[in-house]
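Shown next, in structure tokens, is the structure this report addresses.
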Amino acid sequence: MSRLFLSRLWLDGLAAALLLLGLAYWWQGNLVHEVAGTAMFLLLIAHNLFNRRWWGGIPRTRREPRSLFNLGVTFALLIAMLALLVTSVLISNALSPFLPPWGGFTVRQIHTFAAYWVLVVVAIHLGLRWPMLMGVARNLSGIRKPSALRTRALRMIALGIALCGVWSVAVLGLGGKLSMQMTLDWWNFEEAVAGFFLHCMAAAGLVMVVTYYGLRLVQSALPAKHRRPRETSSAEPAQARRG
Ligand code: HEM
């Protein structure tokens, strides 16, 4: 596993952390929110430059469920991120002296709507890369041999996170936020800070677990010739190994 690839993963983790910080608008206020959002967009530009070969390979995408789903999810992520970027510029306090007053209530609503969808789609994006991320964790912790006990323990943890996620979706009112309903039930950061981040991570964890195991179920139902070999051995995608 190259050091460059590991650094890329750290940057991906930082982008995910900045996304969560951005969702916690009422914790630190507007300045921190705008700085965190800008840093996240810069990191995501770098992320896509590192993954530029993937974009170039789109015409050669294999016609099998996992690859087509990955393609659809990446485009959904692109659209949600662009919606977030455009609305960020329109409602930015820092940019308001230089822009006409376009950032009304509806734009703010679209901004929040896009932000919560980004959380969900990023979780699907990570669920699709789960075998690779587990490969990295295995490499870093020096695990060489498979163990049925460890696999069972990790599956129990995944199940636990998914169950917490169901509760977190309700606590955060995610259903309303993802369907653009008007709500005034913002998280009270004076009462608890860590709870907000833990609930967001559990909700994202639920989506990752459903994506990963859902795809495994679909793959196992496919005729053998359409099945993809399981990604277990390499922690680093071939694309990243090439550069
Ligand atoms: C906080 C947001 C995001 C996180 C945490 C994240 C995470 C990851 C991770 C861990 C990987 C595999 C390792 C790597 O190549 O760096 C990856 C791959 C990739 N990501 Fe993201 N990503 C995010 C946002 C985005 C966005 C907004 C796009 C594009 C619109 C995108 C496009 C891609 C592409 C094209 C790949 C390569 C796909 C492949 O090899 O199958 N990502 N992402």
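Taken together, the values in this text are just the output of simple stated rules run on the coordinates, not laboratory data. Please read these numbers as outputs of a predicted model, since none were measured by experiment. Heads up, the Cβs are rebuilt from the backbone with ideal geometry, glycines too, and the neighbour counts pull from every protein chain shown.
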Placing +1 at every Lys and Arg Cβ and -1 at every Asp and Glu Cβ, with all other atoms neutral, what dipole size does the chain have around its Cα centre, in debye to the nearest 20?
1780
If neighbour count is taken as other Cβ atoms inside 10 Å, put 190, 34 in order from fewest to most.
190, 34
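So how do 57-63, 82-88 stack up, highest first, on mean other-Cβ count within 10 Å?
82-88, 57-63
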Ordering of 6-13, 152-159, 112-119 by burial proxy (mean other Cβ atoms within 10 Å per residue, highest first):
112-119, 6-13, 152-159
Inter-part distance where the stretch 170-196 and the stretch 28-54 are each reduced to a Cα centre, Å:
23
Applied in sequence order to the stretch 75-84, the curve 6.51 cos²θ - 1.76 cosθ + 1.60 (Karplus, θ = phi - 60°) yields integer Hz couplings, x standing for Gly and Pro, of 5, 4, 5, 4, 5, 5, 5, 5, 4, 5
Net charge, residue 171 excluded, C-beta distance under 14 Å - Lys, Arg +1, Asp, Glu -1:
-1
Please report, for the Cα atoms of the chain, the Rg to one decimal and the Dmax as a whole number; what are they, in angstrom?
19.3, 61
CD proxy, 222 nm, the chain: helix-only mean residue ellipticity via -39,500 (n - 2.57) per DSSP H run with n ≥ 4, per residue, nearest 500, stands at -24000 deg cm²/dmol
Explain nothing, just the number: relative contact order of the stretch 3-242, from Cα pairs under 8 Å at least 6 residues apart, as a whole percent.
25
